[in-house]
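Single-structure report; data block below.
The values are calculated or read from the model by the stated rules, or taken from the named source; none is laboratory data. Here the structure is a predicted model, which means the values were calculated and not measured. When we count neighbours, we look across all protein chains shown, and the Cβ atoms used for this are built from the backbone with ideal geometry, even at glycine.
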Amino acid sequence: MRASQSGAAERNAVAMRDHAIVELLYATGIRVSELCGLDVDDVDMDLRVVRVIGKGDKERTVPFGLPAQRAVRDWLTDGRPQLASANSPPALLIGVRGGRLQPSSVRRIVHDALKAVPGAPDLGPHGLRHTAATHLLEGGADLRSVQELLGHATLATTQLYTHVTVERLRAVHDQAHPRS
């Protein structure tokens, strides 16, 4: 069990927040600035979607899965109230003093969380975004859908994420095709 998960299981507010951060970043592929800009009202727990304001003030809706839903629900129910004060903003993610969490803090949190996982590469939030996109593509999502989820203005930007998938396809082809 990772440190953020064990701390979250013990109902430690910071650990619950950090767990929610990692789960949301991986589940949605949103940018760290978009994550930090989320308010509590931007999350629909029943539909499992977040309303994100991306580059160019473009709004999009991004779904997330059950692990992220559990982590965010735990954070909102048990963790956030421990850190929030009367002066806290409506931010989804707040720091230990009750203010909106900053992107630099999220970068540190992600690096620290991944260091705690044996054999995991040293990734930041953008690495989780890249991983989410790659896993979507490897799982059969079409490029246009991934473009929309990531908030890319052009398909060419999204195509940068396809190289891993092409490498995987080549490996499968080499292994399975009789004339490879």
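For first residues located in segment 18-44 and within 14 Å of Arg80 (Cα to Cα) and of a type in the set (Phe, Trp, Tyr), partners that are modelled with pLDDT under 95 and outside any loop (DSSP other than H, G, I, E, B) and lie 6+ apart or on another chain with Cβ distances below 8 Å do not occur. Being more than 16 Å from the chain's Cα centre (by Cα), modelled with pLDDT under 95 and within 26 Å of His135 (Cα to Cα): is that true of Ala8 here? Taking the combined requirement at face value, the residue satisfies it. All of (1) within 24 Å of Ser145 (Cβ to Cβ); (2) within 12 Å of the chain's Cα centre (by Cα); (3) modelled with pLDDT of 95 or more; (4) not hydrophobic (A, V, I, L, M, F, W, C) hold for Arg107 with one exception: (1). Taking each residue of segment 152-180 that is of a type outside the set (A, V, I, L, M, F, W, C) and at pLDDT 75 or above and looking for partners that are surrounded by 10 or more Cβ atoms within 10 Å (Cβ to Cβ) and not in a loop (DSSP other than H, G, I, E, B) with beta-carbon atoms closer than 7 Å, six or more apart or interchain, yields His152/Thr158; Thr158/Leu143; Thr158/Val146; Thr158/Gln147; Thr158/Leu150; Gln159/Leu143. With respect to the conditions (1) surrounded by fewer than 20 Cβ atoms within 10 Å (Cβ to Cβ); (2) in contact with a Ser or Thr (Cβ under 9 Å, 6 or more places away or on another chain); (3) of a type outside the set (A, V, I, L, M), Asp18 falls short on a single one, namely (1).
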